[in-house]
């Protein structure tokens with residue numbers, strides 16, 4: 001019999017790549033789908049990967065505990081991956097309560113539904129490097145103290161500690177992946193990396209002349225989402241649940257990410273980039289740099305895609321989309 005997995009956030013970047021990965025492992029993949037006004041384009045990432053017809057979709061919402069219980073009871077998954085969230089950091093200042101309800105309480109709802117209906121299922125919680133915020137150590141590991149600097153990070157921290165509590169209090173096989181920034185051609189246009197590669201492609205194709213960005217000096221540890229979803233799966237294959245930092249161990253400034261993207265198409269950053277204060281955060285996270293040593297030692301995981309290859313792949317994907325009038 002096929003192993004069954006349930007993914008919340010299945011139509012997002014990570015959900016799409018995880019679905020593709022699990023299908024390749026022979027899983028039967030189910031996804032929780034939040035109905036919205038954008039229903040006509042909601043599965044665009046699954047379509048991009050050519051797997052939209054292979055996923056079993058179920059209506060549901062992280063804020064509705066009864067609905068989550070119903071779906072888990074129906075699907076009977078062996079593995080549950082909670083990837084859904086209000087995940088755009090900048091929006092969390094405009095929608096702090098919504099972010100808390102979906103990103104924080106929503107994770108607790110998933111844990112509670114799992115405890116009630118499928119306590120033997122293995123549970124993955126998508127934690128975030130944003131929880132480190134105002135960093136307390138120059139390199140962040142599983143033991144580094146957290147200092148969230150946004151409503152999003154605070155909500156993720158609640159979800160993270162609830163996962164630990166359900167593991168320790170109820171014996172759930174519940175693991176958290178503290179994932180540092182991970183990007184891909186499937187990243188939403190509102191995120192800075194995709195904004196950069198889309199902007200570079202537009203300038204190269206003569207559709208725009210400038211690209212407006214916020215803090216060019218912020219530094220992040222960037223990897224490829226395709227690599228990072230493998231780490232999620234590996235966590236749920238372990239005998240004991242635990243928390244793991246997933247990162248590359250290399251940090252790069254937004255300015256340098258931008259430079260790589262422009263150089264890929266033979267252009268100079270200085271000729272086209274403008275700094276716009278509207279895109280600055282109320283409280284900035286200046287630098288994030290992860291130590292993936294535990295994941296390497298215990299999971300046997302290490303990133304396979306270099307930052308340079310990631311940037312090139314994203315720029316090429318946006319050039320293709322714009323040239324063929326495709327949307328994502």
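Some points to look at:
- Where only alpha carbons of the range 114-175 are counted, the Rg and the Dmax (Å): 13.2, 41
- R0 of 22 Å, Cβ-Cβ distance residue 120-residue 168: FRET efficiency to nearest 0.05: 0.80
- Cβ-derived FRET efficiency at R0 22 Å, residue 281 paired with residue 205, nearest 0.05: 0.15
- The C-alpha radius of gyration of the range 227-268, expressed as a fraction of 2.2 N^0.38 Å, stands at 1.84.
- If the convex hull is drawn through the Cα atoms of the range 118-222, its volume per residue in Å³: 129
- Where labels lie 7 Å past Cα in the beta-carbon direction, separation of residue 189 and residue 136 in nm: 4.0
- Rg and Dmax of the range 54-184, based on Cα coordinates, read 14.9, 46 Å.
- Rg over Rh, two decimals, the chain (C-alpha only, Kirkwood Rh): 0.95
- Length gained on full extension, residue 97 to residue 327: 79.8 nm, using 0.36 nm per residue less the C-alpha separation.
- Residues 42, 178, arranged from fewest to most other Cβ atoms within 10 angstrom of their Cβ, appear as 42, 178.
- Shape box of the range 252-328 [Cα atoms, principal axes, largest first, Å]: 44, 35, 24
- Helix 307-323 vs. the chain, principal-axis angle (Cα, 0 to 90°, nearest 10): 80
- In the chain, the longest principal axis of the Cα atoms and the axis of helix 13-24 are about 60 degrees apart.
- Fewest-first ranking of 197, 252, using other Cβ atoms within 10 Å as the exposure measure: 252, 197
- With only Cα atoms counted, the range 165-222 has Rg and Dmax values of 18.3, 58 Å.
- Counting only alpha carbon atoms, the long axis of helix 106-117 and the longest principal axis of the chain meet at about 30°.
- Residues 30, 56, 182, arranged from fewest to most other Cβ atoms within 10 angstrom of their Cβ, appear as 56, 30, 182.
None of the figures in this text is laboratory data; all of them are computed from the coordinates on show. If you're wondering where the values come from, they're calculated on a predicted model, not measured in any experiment. Neighbour counts are summed over all protein chains in view; Cβ atoms, including those assigned to glycine, are modelled from backbone coordinates with ideal geometry.
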